[in-house]
1. Taking the Cα centre of the chain as the origin, how large is its charge dipole in debye, to the nearest 20, when only Lys and Arg (+1) and Asp and Glu (-1) carry charge on their Cβ atoms?
2. Calculate one ³J(HN,Hα) per residue across segment 102-107 by plugging θ = phi - 60° into the Karplus curve 6.51 cos²θ - 1.76 cosθ + 1.60, and present them in order as whole Hz with x for glycine and proline.
3. Return the long-range amide H neighbours of Leu136 (sequence gap of 5 or more, or a different chain), with a cut-off of under 5 Å between placed amide H atoms.
4. Restrict the search to segment 138-206; then list the chymotrypsin sites (Phe, Trp or Tyr not before Pro) that DSSP places in a loop and that have at most 16 other Cβ atoms within 10 Å of their Cβ.
5. Just how far, in whole angstrom, is segment 100-139 from segment 162-221 if you go by their alpha carbon centroids?
6. Mind checking which lysines have their Cα closer than 20 Å to the Cα of Lys82? Skip sequence neighbours fewer than 8 apart in that chain.
7. Which ³J(HN,Hα) values in Hz, rounded to whole numbers, follow from the phi angles of segment 7-15 under the Karplus curve 6.51 cos²θ - 1.76 cosθ + 1.60, where θ = phi - 60° and Gly and Pro get x?
8. Using DSSP, restrict attention to beta bridges with both residues in the chain and report what percent are antiparallel, rounded to the nearest 5.
Amino acid sequence: MHKNIVSPSVLACDFSRLGEEASKVLEGGAEYLHLDVMDGCFVPNISFGACVISSIRPLSSAVFDVHLMIENPLDYIEDFAKAGADIITFHVESSSPVDETIAKIAACGCKPCLSIKPATPADAVFPYLDKLSMVLVMTVEPGFGGQKYMEGTEPKITALRREIEKRGLDVDIEVDGGINPLNAARSSLAGANIFVAGSAVFKAENPSSAISEILGAADAHPFAG
Ligand code: DX5
Ligand code: ZN
């Protein structure tokens, strides 16, 4: 059974106080911090890059979960590894060669993760599963925080979890986009175990209880098989 973890996305935080905002959720029980990097090319939005990540790295020893929504991830793996990434996620739909990019992430000492957009089927990542530590299933179109979770993603999550179990692999499944306690329960039941939450955590009056609510909902609804 995979442990459930909440990975708050700083995309929804007050960037004028990035350090305090990150510390607030990490002290509030988050084990991961989700960092959304967008290049205005792979997605129609620009967020932040490696120097912003390295500026908050000294704040905590939490797992830095870096989500690259960029067209040419292979060219930037070293930069993000040096900035302090622990997990580096890139998209199977990007222009970089998948095997080479996975190998580069591992060679830089980080955990490789591959992500699929809503229209991409689960089996797009099957050829790479044995080299991955996590698969990120997008539950919104990547590019913006604050969107609504897309219903109907659950069968894709289940197909992935079944394939991972069938092969006896140790691969986490992360869901990202519009996550709240209600759909965290549904995606957990479907087989997800890492829950990215931007708005639900940073816009909450009490981010620490928002994290506990998502975790509680996921823990109460383990993968049904
Ligand atoms: C979307 C990003 C998500 C997003 C999550 O492209 O990958 O990580 O910021 O934020 P919420 O939880 O607000 O949808
Ligand atoms: Zn993300």
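Values quoted throughout were computed directly from the atomic coordinates according to the rules given, and no laboratory measurement underlies them. Just so you know, these numbers come straight off a predicted model, no measurement behind them. Backbone-built Cβ (ideal geometry, glycine too); neighbour counts: all protein chains shown.
1. Charge dipole, the chain, about its Cα centre: 300 debye, nearest 20.
2. 4, 4, 5, 4, 5, 5
3. The answer is Leu114, Ser115, Ile116, Glu174.
4. Phe144
5. Cα centroid of segment 162-221 versus Cα centroid of segment 100-139: 18 Å apart.
6. Lys104, Lys111
7. 10, x, 8, 5, 4, 9, 8, 7, 5
8. About 5 percent, rounded to the nearest 5.
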